[in-house]
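Okay, so here's the structure we're looking at.
The values are calculated or read from the model by the stated rules, or taken from the named source; none is laboratory data. Treat the numbers as computed from the prediction; the structure is a model and nothing was measured. Positions of Cβ are backbone-derived with ideal geometry, glycine not excepted, and every protein chain shown enters the neighbour counts.
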Ligand code: CA
């Protein structure tokens, strides 16, 4: 079989040609196959034509912006999507809009960090297919009015369903299964995000924890479920 048959395929949606070229070069060096789309419309079209293992999506794009592209891809596909944002303020918007992105990087991104995230997201999405049946057998987790049903991917608090993103849900399930254990941001990046020995920017964890808390807790300032252990990390009890 030709070597390319085993290569993971990545779609880069990026309108700045020099950045796209830099990404393409580094992806190729790292052993990936890639396609490039230079605007949102073409990005969406290529993404939906399928076959990609991951999509790296810029936000500010001509024709159709990255928010809309992400949302429309998510209606059809569960392909991992990493959002590239130029401004840190956009991160909150990305997370807040629940457009279905799996991860984000802020520009200018260190290439090794980006490649680590690409690798982790691809590994996680291929693992999910394999582990889904065993996870489905898991029993409901109950913590004082909070019910997590892994079989239905459903979380309710006092009977009211909570609308969680995939990452918020995964973080909650992981910590709820290990109640009382304090996890550092780096450990959560490894366990929930799937990064191997990655000790770079851990703000994804804080952003996701704060979004999860806003949905989970009656008063996010006085958490009843998801606690911070100062200087150490987070735990659920
Ligand atoms: Ca752009």
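Within the span defined as the range 13-20, every residue fails to be away from the ligand (no atom under 12 Å from the Cβ), loosely packed, with under 15 Cβ neighbours inside 10 Å and farther than 18 Å from residue 116 by Cβ. Residues of the range 24-40 that are surrounded by 15 or more Cβ atoms within 10 Å (Cβ to Cβ), more than 12 Å from the ligand (Cβ to nearest atom) and not in a strand (DSSP E or B): 24, 26, 27, 30, 32. Of all residues in the range 203-237, those that are over 12 Å from residue 168 (Cβ atoms) and surrounded by fewer than 17 Cβ atoms within 10 Å (Cβ to Cβ) total 16.
Screening 228, 160 for residues that are touching a strand residue (DSSP E or B) at 6+ places or on another chain (Cβ under 7 Å) and at pLDDT 90 or above leaves exactly one candidate, 228. Applying a threshold of 7 Å to beta carbon distances and a minimum spacing of six or more residues, or different chains, the list of pairs starting in the range 14-42 at a residue that is farther than 14 Å from residue 66 by Cβ and in contact (Cβ under 8 Å) with a residue 24 or more places away in the chain and ending at one that is within 13 Å of the ligand (Cβ to nearest atom) and part of a helix (DSSP H, G or I) reads 36/20. Report whether or not residue 69 is under 20 Å from residue 123 (Cβ atoms), within 16 Å of the ligand (Cβ to nearest atom) and touching a residue at least 24 places away in the same chain (Cβ under 8 Å). When the stated conditions are applied, residue 69 does not pass them.
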